[in-house]
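**Q** Here it is, the structure, as structure tokens.
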Amino acid sequence: MSFPIPTLSREQGELRLEDVALNDIAARFGTPTFVYSARAMREAYAAYAEALSGVPSQVCYAVKANSNLAVLGLFARLGAGFDIVSGGELARVLAAGGQADRVVFSGVGKSAAEIEQALSAGIQCFNIESRAELARIAAIASRLGRTAPVAFRVNPAVDPKTHPYISTGLRSNKFGVDFDEAFELYREAARQPALRVSGIACHIGSQLLDPAPVAEAAEKVLGLVDRLSDEGIALDHIDLGGGLGIRYDDESPPSVADYLAPLLARYGTRRETLCFEPGRSLVGNAGLLLTKVELLKHGVEKNFAVVDAAMNDLARPALYDAYHAAVPVSTRAEATTRRYDIVGPICESGDFLARERDLALADGDLIALLSAGAYGMTMSSNYNTRPRAAEVLVDGSRTFVARDRETVASLLRHEHALPSDF
Ligand code: LLP
């Protein structure tokens, strides 16, 4: 089967991302390193832009998927807006050259400081997730003498049929306002002079492989928009969130065009701007985690390949039992193929990156863990005092260090040894 990363290939036995050999990346920048393909990101973005070319539309890249400044800059240059969930992410978007007036701010717990920061920056819209937040944003905007553009994130109570940890549109989830309450909340918001009702938002989950639940949610949202319009509350945008899944293993996700087709058919020639907040489908299969085999451990029951990356670098396998393909960077004819668990050096049994993979390996070999461009680096940690990996962006034959590898000294800089007088 082909690699899920479209710009990854094997030539004369060696893996290359675009025109760069992964062996060279490891030799120049060390391991573990996240490596991203600019071309794969541009192609993924172009698929949305093309599919949406017939309607007024906006793609707001979900920053949480991969928030590296170079990645944000690449999408900003392509004309993307951004979906953020913190003041920190807003700062990143601005530092990367993104425009504040193309930023939508989601999240259930925006602090007063974050709301002020976003108002001062002049973001496009707050996606409000509760009645309490409505009051908080109105009070802050009024105190600052500003008008806050707002949308409600509605919870359409649709089952997205994905992993329970990444479903967000069920009644039992903490996200969004209850669909049946939304109408009344809009009327309340419309009465507040410090608010400008601007849109509606909905995001039902992530790694969605079936377009039907999203189309069902859209149907409900559009019905509500029409009821609001009858009430004299006209919205300028309809944001249907992110969620389109990618291939990690043998999944066959719909193409962007097929995913959007039922929505666009239903959307027709409406005048509101149709927004999406894709994260994973823009960057997931544009990245891999390059790691080196420290040693092989052949046990009675299991063989382990202990590598220099760990759950602190790529948390998805430990957290969701997620699958990432593990591909040797160089093919090795002479080694015996064995069934390996690929594990990190962290002191946790959950510290695995891949399980039961048949591989021919030797000490020092490089392995690429594929589909690691989304929710890889952004969910990494320093557990076990492990400096975080470097990030390298490849564009054709060029490489760009988008993040230096952390050092232990850089980790300790934030801490203070106990002074003798304490
Ligand atoms: N918009 C909102 C409001 C979201 O909560 C999310 C993701 C997105 C957009 C982007 O969704 P995407 O297109 O990436 O599916 N850490 C998990 C995924 C968590 C997704 C959280 N929300 C993972 O590694 O699978």
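The values are calculated or read from the model by the stated rules, or taken from the named source; none is laboratory data. What you are looking at is a predicted structure, and each value in this text was computed from that prediction instead of being measured. A quick note on method: Cβ atoms are made from the backbone with ideal geometry, for glycine too, and the neighbour counts reach across all protein chains shown. Remember, those area values only see protein heavy atoms, side chains included, never the ligands or the DNA or RNA. Shrake-Rupley method; radii C 1.70, N 1.55, O 1.52, S 1.80 Å.
**Q** Taking the Cα centre of the chain as the origin and placing charges on Cβ (Lys, Arg +1; Asp, Glu -1), which of Ala148, Phe29, Leu222 is farthest toward the positive end of the dipole?
**A** It is Ala148.
**Q** Let me ask you something else. Just grab the label-to-label distance for Ala360 and Lys297, each label 7 Å out from Cα along the Cβ direction, in nm (one decimal).
**A** According to this spin-label approximation, the distance is 2.6 nm.
**Q** Next question. Farthest toward the dipole's positive end in segment 347-422, which of Ala389, Pro419, Val401, given Cβ charges of +1 (Lys, Arg) and -1 (Asp, Glu) about the Cα centre?
**A** Val401
**Q** Label Arg398 and Arg413 with points 7 Å out from Cα along Cα→Cβ: what is the distance between them in nm?
**A** 2.7 nm
**Q** With a cut-off of at most 13 other beta carbons within 10 Å, and DSSP calling the residue loop, which trypsin sites (Lys or Arg not before Pro) in segment 385-417 qualify? Please list them.
**A** Arg413
**Q** Return the percentage of antiparallel bridges among DSSP beta bridges fully within the chain, rounded to the nearest 5 %.
**A** Around 50 percent antiparallel, to the nearest 5.
**Q** Would you mind calculating the gained length between Ala135 and Thr385 on full extension (0.36 nm times residue separation, minus the Cα-Cα distance), in nm to one decimal?
**A** Taking 0.36 nm per residue and subtracting the Cα distance, the gain is 85.9 nm.
**Q** To continue, here is another question. As a test of the formula, what do you get for the chain when each DSSP H run with n ≥ 4 contributes -39,500 (n - 2.57) and the sum is divided by the residue count, at 222 nm and rounded to the nearest 500 deg cm²/dmol?
**A** Rounded to the nearest 500, it is -8500 deg cm²/dmol.
**Q** Please compute the per residue accessible area over the chain with all protein chains in place, 1.4 Å probe, rounded to a whole number of Å². Numbers along the way, then the final one.
**A** Details: 17950 Å² over 422 residues.
So the chain comes to 43 Å² accessible per residue, rounded to a whole number.
**Q** In whole Hz and in residue order, list the ³J(HN,Hα) couplings for segment 386-399 that follow from phi through the Karplus curve 6.51 cos²θ - 1.76 cosθ + 1.60, θ = phi - 60°; x for Gly and Pro.
**A** For segment 386-399, the Karplus-derived couplings read 9, x, 6, 5, 7, 10, 10, 9, 9, 9, x, 9, 8, 10 Hz, x marking Gly and Pro.
**Q** Under the Karplus relation 6.51 cos²θ - 1.76 cosθ + 1.60, θ = phi - 60°, what is the ordered set of whole-Hz ³J(HN,Hα) values for segment 316-321, x standing for Gly and Pro?
**A** So the Karplus estimates, Gly and Pro as x, are 4, x, 5, 7, 10, 6 Hz.
**Q** Name all residues of segment 28-71 having a backbone nitrogen under 17 Å from the label point set 7 Å from the Cα of Glu14 along its Cα→Cβ direction, giving them as ranges.
**A** 28-31
**Q** If you don't mind, there's one more thing I want to ask. Taking 0.36 nm per residue of sequence separation and subtracting the Cα-Cα distance, how much length would be gained by fully extending the chain between Cys347 and Ser142, in nm to one decimal?
**A** Values: separation 205, 0.36 × 205 = 73.80 nm, distance 5.10 nm.
That works out to 68.7 nm of additional length.
**Q** Tell me, what is the FRET efficiency for Asp250 and Ser111 to the nearest 0.05, using R0 = 35 angstrom and their Cβ-Cβ distance as r?
**A** Working: r = 42 Å, r/R0 = 1.20.
After rounding, the FRET efficiency stands at 0.25.
**Q** Give me the net charge for the shell around Val85: Cβ to Cβ below 9 angstrom, other residues only, Lys and Arg +1, Asp and Glu -1. Before the final figure, lay out each step's value.
**A** On the way: positive: Lys64, Lys110; negative: Asp83, Glu89.
Here the count lands on 0.
**Q** A follow-up question, please. Pick out which of Leu195, Leu78, Leu244 has the largest mean-square fluctuation in a Gaussian network model of the chain, springs linking Cα atoms closer than 10 Å.
**A** Between Leu195, Leu78, Leu244, it is Leu78 that shows the largest mean-square fluctuation.
**Q** Roll a 1.4 angstrom probe over the protein heavy atoms and tell me the percent of accessible area of the chain that is carbon or sulfur. Spell out each step's value before the answer.
**A** On the way: 8860 of 17950 Å².
Here carbon and sulfur together make up 49 percent of the probe-accessible area.
**Q** I want to check the label-to-label distance for Thr378 and Lys174. Put each point 7 Å from Cα in the C-beta direction and report it in nm to one decimal.
**A** That separation, rounded to one decimal, is 1.7 nm.
**Q** While we're looking at this one, here's another question. Would you please give the FRET efficiency between Ala49 and Phe422, computed as 1/(1 + (r/R0)^6) with r the Cβ-Cβ distance and R0 = 51 Å, to the nearest 0.05?
**A** 0.35
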